[in-house]
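The values are calculated or read from the model by the stated rules, or taken from the named source; none is laboratory data. Just so it is clear, the model here is predicted, and its values are computed rather than measured. When we count neighbours, we look across all protein chains shown, and the Cβ atoms used for this are built from the backbone with ideal geometry, even at glycine.
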Amino acid sequence: MEAVKISNLIIGPSDVVKLRREINALDDFFVAAKARQTGTTMQLPKLTRVLDQTAKDNNVNLLEPSERRRLSHSLENIYEKAPVLHISFASEPSPKALEKLIVWVRSNIHPQALIRVGLQPSIAAGCFVRTANKGFDLSLKAALNRSEPELVKLIAGAVNGR
């Protein structure tokens with residue numbers, strides 16, 4: 001299997017772990033189905049929208065053990081090696097906002113990039129982005145600090161112009 005296309009519903013590393021757990025649950029179901037007594041009914045585990053979409057995007061037949069195994073190994077590889085951006089917000093971002101953000105990140109940075117979301121109420125507005133080796137303060141406080149000399153001049157001009 002070449003590079004796995006991951007759904008925009010998969011935002012962070014924890015989503016990849018959940019997906020692998022779901023694939024393992026499918027494996028367990030099929031093992032139990034083989035060992036069950038004739039006439040015993042078993043209910044197929046419900047697939048989440050994320051697993052269903054990931055399987056469709058990658059043409060994976062989840063009924064085939066070898067294809068499930070390859071998908072699981074590919075997801076493990078993504079978990080271990082994909083670039084992860086740590087983004088801290090003042091409050092919990094909406095799922096729709098995260099989806100827009102992940103679409104942009106995967107289009108502009110890396111097609112398998114993941115985002116680990118954090119909360120930092122002191123930010124107030126904006127966010128703080130951290131990669132493995134660099135940090136970017138995109139908060140309102142940082143923007144105001146960078147603009148302080150100009151703001152001071154504008155305020156002094158307004159006060160003196162009375």
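Check whether at least one residue in the range 10-21 is over 18 Å from the mean Cα position of the chain (by Cα) and more than 23 Å from TRP104 (Cα to Cα), and report yes or no.
For the range 10-21, residues over 18 Å from the mean Cα position of the chain (by Cα) and more than 23 Å from TRP104 (Cα to Cα): absent.
Is it the case that the range 63-74 has a residue that's touching a helix residue (DSSP H, G or I) at 6+ places or on another chain (Cβ under 9 Å) and closer than 16 Å to ASP15 by Cα?
Scanning the range 63-74 turns up at least one residue that is touching a helix residue (DSSP H, G or I) at 6+ places or on another chain (Cβ under 9 Å) and closer than 16 Å to ASP15 by Cα.
Determine, yes or no, whether SER94 is polar (S, T, N, Q) and surrounded by 11 or more Cβ atoms within 10 Å (Cβ to Cβ).
When the stated conditions are applied, SER94 does not pass them.
Check TRP104 against each of (1) more than 22 Å from the chain's Cα centre (by Cα); (2) at pLDDT 85 or above; (3) among the aromatic types (Phe, Trp, Tyr) and name the one condition it does not meet.
(1)
Within the range 113-128, how many residues turn out to be surrounded by fewer than 18 Cβ atoms within 10 Å (Cβ to Cβ) and in contact (Cβ under 8 Å) with a residue 60 or more places away in the chain?
Residues in the range 113-128 being surrounded by fewer than 18 Cβ atoms within 10 Å (Cβ to Cβ) and in contact (Cβ under 8 Å) with a residue 60 or more places away in the chain: 2 in total.
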